[in-house]
Amino acid sequence: MDSIEEENNRILIVRYLSGEASPEEVTELNKWLGASGANLLYFQQVKNIWYSSNRHSLKDLSDTNKAFKEVNKRITLRSPGFNFWTTWKKIAAILIIPLILGNLLYFLFLTNNNPGRQEPVYNELFAAFGTRSALKLSDGTSVWLNSGSSIKYPDKFIDKDRKVFLNGEAYFEVESNPEKPFIVETSSIKVRATGTKFNVLGYSSINENEVTLVSGKVEVGLPCSNDKFKSTNMEINQHLTFDKNTGAVTIVNEDTYKYISWKEGKLVFRNEPLTEVAKKISQVFNIDIEIRGKEIENYSYRATFQDESLAEILKLLKISSPINYYEIKRNPLPDGSFPRKKVIIYPAGKKGI
Amino acid sequence: MFTEIFSVYYKDLVLFAYSFTHEKEDSEEIVQDVFVKLWEDHEKINISTSIKSYLLKSIQNKCIDWHRHKKVINHHSNYIIENSLLYEYDTDNYILSSEMELIIEKALASLPENVKETFEMSRFEGMKYQEIADKLNVSVRTIEVRISKALELLRESLIDFL
């Protein structure tokens, strides 16, 4: 190995250890580790020195005595089953119960032996495009899930907070519990509440994350540098938008109805430009919409659609404004699947090429 | 016996778990789980190496599971578990923090002054490379080179223990 390459690899290790390596650098390092046993050994030894010489994290570790009490408590909690078996074994020996029965019982007790603290099981619910779902969580919180969104939630909340993971849009009516805050995490933001009603929008594929507060209070954690979050408090009837690419945050006081009306199957537009209308429709119906013609982009709409099909909505838009549209014929892709439906909207009276 | 093992190893093991998870509470929980298991299974377990090596190995396995679990609930950390070579240790030869504390002073004394200073700021005081660079008025790259130099020289002088 030449020395420049060697130095580069060592820098890579140092950056990895401090948690500053990029995903690409991590992959590169992993490749280097796989290249030879000597590389791997070198890395393991250096990593050992790095972590074992860490004195700053040691300081505020909880104390050993407290931890020992904790472990002791868990051991005693579980011992009845264990003791019962030991006693039972003695009786069995005295009564000369056939060995086979003893074995059977032993087996039963062993398999019944509960793993003390039960890990929650995570469920995932996905609302197909063009549909909505509603569910109630184990703490009584109600969740409405918008089209094309998914939510991961535990079957029971045993941690010190109630955490769910959202990709898409959902409306929450959180059951009040100040001791166990309810946290919604999207791919970029976190929303913390105790007992309130709010809407969160955060598709991992879309830059903007939005939070709308209907009642109560929430605290929104927005990512800033070094994996840290800074928090912002929101007030009733506020709508927050966060752009994960630029980091820009805007909060406006607004009629929140249009942001949450989707849960009643309504698509509500309040003087919104065609671009916004198209964006919303494409999200709900999982289609691509292209607007050809600058002059219609800012045409504004005020409309409420309830449980209408895509064809009906487009027809209504066409009737109420100077636009026309057509659907692009879909040809199967090489793998046999079909691409997303695509609709072209263009100014009426022109050719929509 | 159980009490002694616990009090001798607990903190060291939490730090070991911390090197995988970077989360204090989860690390403590993982180590406590391993001790509960050790207690419950102490008649069944056949420890072929040393108790230290057994504990390290159990924690390592649990930490890798922990990452898998995290991956399920948080698919942004995908790349972490796929690059699995980064994770494992040679648990039979691992030096614990408390052991390191006894031998590192002497090894550090043999390092060039600026390398030693940089290493101590990073590992003892917990400063980030950028912070050290700002304080010493040099580039981050210089800090990274010094840290890598320190690790290399320490490895040479600690090789009998590693």
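Every read-out reported here was derived from the displayed coordinates using simple, explicitly stated rules and does not represent laboratory data. Remember, predicted model here, so these are calculated numbers, not experimental data. Positions of Cβ are generated from backbone atoms using ideal geometry, with glycine treated the same way; all protein chains shown enter the neighbour counts.
In segment A:2-75, which GluC sites (Glu not before Pro) fall in coil by DSSP and have 16 or fewer other Cβ atoms within 10 Å?
On the way: sites: A:E5, A:E6, A:E7, A:E20, A:E24, A:E25, A:E28, A:E70; in loops: A:E20.
Here the GluC sites (Glu not before Pro) that fit, given the DSSP loop and packing criteria, are A:E20.
Please label the shape of segment A:122-258 as rounded, prolate or oblate, based on the square roots a ≥ b ≥ c of the eigenvalues of the alpha-carbon gyration tensor (a/c under 1.5 means rounded; beyond that, a/b larger than b/c means prolate, else oblate).
Verdict is rounded for segment A:122-258.
The label-point distance for B:E125 and A:N245, in a model that sets each label 7 Å from Cα toward Cβ, rounds to 4.1 nm.
Evaluate E = 1/(1 + (r/R0)^6) for A:S138 and B:N93, where r is the Cβ-Cβ distance and R0 equals 35 Å; express this FRET efficiency to the nearest 0.05.
On the way: r = 46 Å, r/R0 = 1.31.
Given R0 = 35 Å and the Cβ-Cβ separation, E is 0.15.
Taking the inverse of the mean reciprocal distance over all distinct Cα pairs, the Kirkwood hydrodynamic radius of the protein assembly as shown comes to 27.7 Å. Label-to-label distance, A:S337 versus A:N207, with points set 7 angstrom from Cα along the beta-carbon direction: 2.6 nm. Counted by neighbouring Cβ atoms within 10 Å, the residues B:L85, A:L222, A:L240 run from fewest to most as B:L85, A:L222, A:L240.
What FRET efficiency comes out for B:S7 versus A:E312 if R0 is 56 angstrom and r is the Cβ-Cβ distance? Round to the nearest 0.05. Could the numbers behind the result be given before it?
Values: r = 72 Å, r/R0 = 1.29.
After rounding to 0.05, the efficiency reads 0.20.
Principal semi-axes of the equivalent ellipsoid, √(5λ) from the alpha carbon gyration tensor of chain B, are 32, 21, 14 Å from largest down.
Going by neighbour counts of Cβ atoms within 10 Å, the residues A:V121, A:V343, A:V249, B:V34 line up, fewest first, as A:V121, A:V249, A:V343, B:V34. Charged neighbours of A:L314, selected by a Cβ distance under 11 Å, balance to -1 (K, R count +1; D, E count -1).
Residues with beta-carbon under 14 Å from that of A:P332, excluding A:P332: net charge, scoring Lys, Arg +1 and Asp, Glu -1? With Lys, Arg at +1 and Asp, Glu at -1, the net is +3.
How high is the relative contact order of chain B, in percent, counting Cα pairs under 8 Å that sit 6 or more residues apart? Walk me through the numbers before you get to the answer.
Details: 104 pairs, mean separation 30.1, N = 162.
Once normalised by length, the contact order is 19 percent.
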